[in-house]
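Comments concern the structure below.
Values quoted throughout were computed directly from the atomic coordinates according to the rules given, and no laboratory measurement underlies them. The shown structure was predicted, so the numbers you read here are calculated from the model rather than taken from an experiment. Note that each Cβ is placed from the backbone with ideal geometry, even for glycine, and that neighbours are counted across all protein chains shown.
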Amino acid sequence: MIPKMGDGTVEKLPKDVVIYIILRLQVKSLIRFKCVSKTWYILIQSSTFIYLHLSHTTTSNDELVLFKRSYKEEPNRFKSVLSFLSSGHDDDDLHPVSPDLDMQYMTTSSACTCHRIIGPCNGLIFLTDKLNNVLFNPTTRNYRLLTPSPFGCPLGFHRSINCVGFGFDLIVNDYKIVRISEVRGEPPFYCDSMREWKVEVYELRTDSWRELDQVNLQLPYVHWNPCSDMFYSGASHWFGNANTVVILCFDLSTETFRNMKMPNTCHSRDEKCYGLVVLNEYLTLICYPYPGKVIDPLKDFMDIWMMKDYGVNESWIKKYTITPLSIESPLAVWKDHLLLLQSRKGFLVSYDLKSKEVKEFNFHGWPKSLRATVYKESLTLLPKESEHNKQVQF
């Protein structure tokens, strides 16, 4: 319990003791305490305190599930919302903890199935529909619409964004966004030999985009999966096809690519899709049946692989084999034992890795539009915007 402010007790305590006490408070309490005095305001707003609060040890009960879904309002017009879900200390049922937020900058057409939620990274979430890019702190509700990329392509060519990554560069102490695009000729001039890869990097501090000059022309063909844009150990990860399926990694500090091999049982002809999550702090690969096929209960199992030593291909171990489930894709791992999934009908489903129980929640949306990520409260500030940008609040 915090001592009363008016009796002067707090002022008599050493600063280290005060910090030790208030680090255990929830963000909503800290925001109120910023009004106590100028000293407290400066302390709680400081980057050092924000970092300490973010790094403070918490349990899974202190985390929330950020859940996105889209609703069809009229023909080819959709509304997308973000829900904040939590569970009790003694159960794994999910329920809303605050009103839904309208994703006002995201696509309202059927392309809502291509929305991405990447993160959290230091308490920030990146939302994108390939056109608009939004950086968002779910706790404070601060968000920032980022400057659009200025790069296009010549007349007669088409530029499509194949994958997006978001993370933090520890070397330059800045957030970065990376996009890999494919530029190719439009019909009737389409030609495979005219295909070219482009890589763009956005730096939050300068609020600007730039294209990388030295792009490896042998990049695998990167394809989009609902649960694949993963930032882990300083790198963004996606799935690519280079004669066989690989995990493509982009180091945000060195801005270089590398390929990481999948387990030997994973290959391009196995009628499987793949997702990436973090389970028990390990990079984890989920292999699940292709959503378009009829499930064979005798062979269409879902396999979960963990990479025990990051970057060491031989360290993949198969952790779980799950009975065949009719799902569209995995979404996230909650409490290190609940695998959150979206069903083919658009319902949020969980699979308990311990009890093997399957549960369908009363949360649903347009099929293929569901996204989810797990985060904990954060005071992380969004850097000041450039003069042509405007930072607002929900």
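List of remarks:
- Contour minus Cα-Cα distance for D92 and K318 (0.36 nm per residue): 78.9 nm
- Helical content alone sets the calculated 222 nm signal of the chain at -2500 deg cm²/dmol, taking -39,500 (n - 2.57) per DSSP H segment of four or more residues and averaging over every residue.
- Cα→Cβ-extended label distance, 7 Å offset, between K72 and S110, nm: 0.9
- Residue list for the range 277-304, given a label point 7 angstrom along the Cα-to-Cβ vector of H267 and an amide N cut-off under 20 Å: 286-290, 299-304
- Unit charges on C-beta of K, R, D, E only; dipole of the range 60-393, Debye: 580
- Partners of K368 within straight-line reach, counting aspartates and glutamates whose Cα lies under 17 Å from its Cα and excluding those fewer than 8 residues away in the same chain: E73, D129, D229, E328, E360.
- Options T108, Y351, T323, ranked by Cα towards positive dipole end of the chain, top entry (Cβ charges): T108
- Local electrostatic count at Q26 - Lys and Arg +1, Asp and Glu -1, tallied over other residues with Cβ under 14 Å: +2
- Label-reachable residues, the range 272-298, where backbone N falls under 12 Å from a point 7 Å from R344's Cα toward its Cβ: 289-297
- Computed FRET value (nearest 0.05) for D62 with T244, which takes r as the C-beta separation and R₀ as 35 Å: 0.30
- Relative to the current alpha-carbon distance between R210 and L54, full extension at 0.36 nm per residue lengthens the span by 53.1 nm.
- For the pair K38 and L381 in one chain, pulling the backbone fully straight at 0.36 nm per residue adds 121.7 nm over the alpha carbon distance.
- Size of charge dipole - the range 9-55 - debye, nearest 20, with Cβ of Lys, Arg +1 and Asp, Glu -1, no other charges: 160
- Placing +1 on each Lys and Arg Cβ and -1 on each Asp and Glu Cβ, with no other charges, gives the range 55-176 a dipole about its Cα centre of roughly 780 debye.
- Approximating the spin labels as points 7 Å out from Cα along Cα→Cβ, the T256-to-D100 distance works out to 4.6 nm.
- Förster radius 25 Å - calculated FRET efficiency between W224 and R141, Cβ distance, rounded to 0.05: 0.30
- Residues of type lysines that K318 reaches as a straight line, Cα spacing below 19 Å, ignoring anything fewer than 8 places off in the same chain: K261, K272, K299, K308, K354, K356
- Local net charge near P324, Cβ-Cβ under 15 Å (Lys/Arg +1, Asp/Glu -1): -1
- The separation of the range 197-238 from the range 110-131, counted between C-alpha centres, amounts to 14 Å.
- Net charge over other residues, Cβ less than 11 angstrom from the Cβ of V222 (K, R count +1; D, E count -1): -1
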